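Trainee: Before we start, here is the structure in question, set down as structure tokens.
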Amino acid sequence: MKIKLALIVSLLFAMISCGSKRSSNTSVQTKPNIILINIDDLGWGEPSFMGSTFYETPIIDNLSKQGMVFTNAYAAAANCAPSRASLMTGKWTQRHGILTVGSSERGKSEDRKLIPVANSTDIDKKFLLLPQLLKQNGYHTIHAGKWHLSDDPMQNGFASNIGGSHAGHPSGYHAPFKNIDIVANDGERLTGLIMDKLIQALEKNGEPFFVNYAPYAVHTPIQPVDSLLEKYQTKEKIQGKSNPKYATMIEDVDTNIGKLITHLKRTDQFKNTIIIFTSDNGGLFFVSNQHPLRAGKGSYYEGGIRVPFFVVWEGKIANGSKDSTPVSNMDIYPSLLEMADIDVPIDLNLDGKSLYPVVSKKETFETRPLFWHFPVYLQAITKENENRDPKFRTRPGSVIRYGKWKLHHYFEDDALELYNLEDDIGEKNNLAKNLPKKTEELYKLLKQWRADTNAPIPTEDNPEYLESTK
């Protein structure tokens, strides 16, 4: 009897012990959750934490104060598909071949002096994308919103897909949606629907998770949230930067990010979640100008490529910190690998650089050049666009930023433009002729980079080009 009693006590003790270990294992998570928030077409100065006094983003503003804001952040391209491809691959555009959206022959043929480089519209499966590597390392990967790199993001490393496809923008923001595959009630608004389904997915799945939250907003069509419209219609206007309909779309995105943050805090996940907030390119100029930056989406002046950017990780990144280091969305891939303590495969060859040493205040970057390459055409939407000419947002060319200096090189006329961004953030004063040594220094670096990366340069004349039309 004593032996049986001792055996029972021993078994009970073992069960209790195992139970406590199981509880401990589920409550302790070895890797942080990751949420990447990539807003579509949100301009550098449009969130109020970046200086806007007309557009209202109180949730985003509060979130930005809980981490580090990068004031000199850039997208790897001036329009959506190449920017997103560079983010997901961590590579320059010429390496993955997605150079623009759709055809590279944008605009009238008679206005294009050169035959542009051919464009790819699907991300090649030879690349190891960020979600694929995270999935291999135990992350549950969820895509929510715009994808634009293939027919289905589940072919590219995501375990779940909410509304993502090749679509670059919705046919409209109210259901039924013609080009977005998502279950919705008639009249339901897309931005809120995607967030609600994302939160449902997070409630069903365990940790750790990686979320690529990429709402279609604030991309066109500009369709207001009616309940918010009157507030902005009666608000004091700022010339060129106070579009009431657009403002309601920005606030709607902000509100839905608030739902996500509330969920994270309610489930006690916020403190172990890395949040990166950015935009895929500059804002659309005719919707809301990007002043003091020049031009807008599609241009390689600052208004087309500079974006809002911050990183939040409670207890790891100092609240309210700022950094003026020029950074790129290509830096997100290596940053997340280091922050999640994931080994970088030897043959991955990322072009970005981890920001973790900066955000954790361990060290500062040495000055490094940032580059852009766009060997194709992108037509203008309106004649008033602040670009080199009224017919194109971008003609073929490439750009380097190194420290405070920025050099443009355009292939059609072999033109060079040099700007001192410290003194001339609006790129109004071309110093190329005044400072020939600085111009040559940057031009040499740009040419070497193109050679090192096998960047294709269009050289063949277009027989349909009419010189008088330029």
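The values are calculated or read from the model by the stated rules, or taken from the named source; none is laboratory data. Since the structure is predicted, the reported quantities are computational estimates derived from the model, not experimental observations. In this analysis, Cβ positions are derived from the backbone assuming ideal geometry, glycine residues included, and neighbour counts consider all displayed protein chains.
Trainee: Six or more apart or on different chains, Cβ under 8 Å: which pairs go from a residue in region 188-217 that's over 15 Å from Asn161 (Cα atoms) and among the basic types (Lys, Arg) to one that's outside any loop (DSSP other than H, G, I, E, B) and at pLDDT 95 or above? Could you list them?
Mentor: Taking only residues 6 or more apart or on different chains, the pairs are Arg189/His174; Arg189/Asp252.
Trainee: Tell me which residues, restricted to region 407-461, are part of a loop (DSSP other than H, G, I, E, B) and either within 26 Å of the chain's Cα centre (by Cα) or of a type in the set (Phe, Trp, Tyr) (or both).
Mentor: Phe411, Leu421, Glu422, Asp424, Ile425, Gly426, Glu427, Thr453, Asn454, Ala455, Pro456, Ile457
Trainee: Could you please give the count of residues in region 231-261 that are within 18 Å of Asn289 (Cα to Cα) and among the hydroxyl-bearing types (Ser, Thr, Tyr)?
Mentor: Number satisfying all stated conditions: 4.
Trainee: Could you tell me which of the residues Asp196, Asp151 is more than 19 Å from the chain's Cα centre (by Cα), part of a helix (DSSP H, G or I) and charged (D, E, K, R)?
Mentor: Being more than 19 Å from the chain's Cα centre (by Cα), part of a helix (DSSP H, G or I) and charged (D, E, K, R) holds for just one of Asp196, Asp151, which is Asp196.
Trainee: Quickly run through region 154-188 and pick out the residues that are surrounded by fewer than 19 Cβ atoms within 10 Å (Cβ to Cβ) and in a strand (DSSP E or B).
Mentor: Within region 154-188, just His174 meets the criteria.
Trainee: Test Gly283 against the stated conditions and say whether it is surrounded by 17 or more Cβ atoms within 10 Å (Cβ to Cβ), assigned to a loop (DSSP other than H, G, I, E, B), small (Gly, Ala, Ser) and touching a residue at least 12 places away in the same chain (Cβ under 8 Å).
Mentor: So Gly283 passes the test.
Trainee: Taking helices (runs of 4 or more DSSP H) that do not extend beyond region 66-145, which have at least 1 residues that are among the aliphatic types (A, V, I, L, M) and either under 25 Å from Leu421 (Cβ atoms) or touching a Lys or Arg at 6+ places or on another chain (Cβ under 7 Å) (or both)?
Mentor: Values: elements: 80-89, 93-96, 130-136.
In region 66-145, the matching helices (runs of 4 or more DSSP H) lie at 80-89.
Trainee: Follow-up. Looking only at region 218-237, which residues are in a helix (DSSP H, G or I) and free of Cβ contacts under 8 Å to residues at least 24 places away in the same chain?
Mentor: Listed by number, the residues that qualify are Asp226, Ser227, Leu229, Glu230, Lys231, Gln233.
Trainee: Restricting attention to region 66-116, report how many residues are among the hydrophobic types (A, V, I, L, M, F, W, C) and within 30 Å of Lys265 (Cβ to Cβ).
Mentor: The total comes to 7.
Trainee: When region 354-390 is examined, which residues are found to be farther than 28 Å from Thr89 by Cβ and either basic (Lys, Arg) or outside any loop (DSSP other than H, G, I, E, B) (or both)?
Mentor: Lys361, Lys383, Arg388, Asp389
Trainee: Note down all Cβ pairs under 8 Å where the first residue falls in region 304-322 and is on the phi > 0 side of the Ramachandran plot, the second is among the basic types (Lys, Arg) and part of a loop (DSSP other than H, G, I, E, B), and they're at least six residues apart or on different chains.
Mentor: From residues that are on the phi > 0 side of the Ramachandran plot, the pairs are Gly320/Lys65.
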